[in-house]
Amino acid sequence: MYGILTSPCPRSPLLRALPSPSARAFPRTLAFPARPLPRGFRLTPPRAAAEASASAAATALGGLLASPLSTLEAALRGLNFAPLRAPVAAAMSAAVRWLGVYREVLLVGVLLSWFPNIPWDRQPFSALRDLCDPFLALCREVMPPVFGRKLDLSPLVAFMAIDIIIMILRPQPRM
């Protein structure tokens with residue numbers, strides 16, 4: 001073992017290299033300090049597939065960085081994240097719904113901006129403008145108006161960004 005994960009205090013682990021037989025040798029493994037796992041987590045032994053992929057990675061990289069990464073990967077695969085699935089799924093679902101509502105509010109704001117006679121200083125139009133304008137201003141930084149500032153394409157960038165975030169957050173069907 002050429003490298004060991006040690007810590008002077010229990011909160012901040014540091015990687016301290018031990019003397020190696022040659023100056024060009026890389027650390028092969030990491031030894032993690034024994035700490036109690038948080039409540040609801042349990043350590044399970046790594047699967048044979050993880051070990052097979054680790055050995056394939058070690059062969060492909062010539063053993064330079066594969067061993068520390070595969071050890072960390074095996075340790076992370078051994079953790080049980082089942083207690084976190086429900087709260088994370090609920091937060092992602094709430095974010096998707098909030099973004100869907102914001103997309104509809106943004107659509108109303110963009111459509112109303114085509115009418116020049118709307119009093120934007122009165123309610124409810126001022127609230128709609130206060131909700132939409134900060135995000136559209138950010139999108140105008142990405143895509144400035146074209147044709148002498150007559151055609152503003154920033155709503156397209158805004159809708160694309162919201163749709164991409166929704167696609168990332170929406171849970172994928174399992175097969």
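The values are calculated or read from the model by the stated rules, or taken from the named source; none is laboratory data. Bear in mind that the values here come from a model prediction, so they are computed numbers and not experimental data. For neighbour counting, all protein chains shown are included, and Cβ atoms are generated from backbone atoms with ideal geometry for every residue, glycine included. Just the protein is used for accessible areas: all its heavy atoms, side chains included, with ligands, DNA and RNA removed. Shrake-Rupley method; radii C 1.70, N 1.55, O 1.52, S 1.80 Å.
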Which value in nm describes the separation of the simple spin-label points at LEU84 and ALA137, placed 7 Å from the Cα toward the beta carbon?
3.6
Provide the per residue accessible area, probe 1.4 Å, for the stretch 101-169, rounded to a whole number of square angstrom.
72
Where labels lie 7 Å past Cα in the beta-carbon direction, separation of ALA74 and VAL146 in nm:
5.5
If ligands, DNA and RNA are left out, what is the accessible area of ILE168 with a 1.4 Å probe, given in Å² to the nearest 10?
120
Is the stretch 101-169 best put as rounded, prolate or oblate by its Cα gyration tensor, with a ≥ b ≥ c the root eigenvalues, rounded for a/c under 1.5, and otherwise prolate when a/b is larger than b/c, oblate when not?
oblate
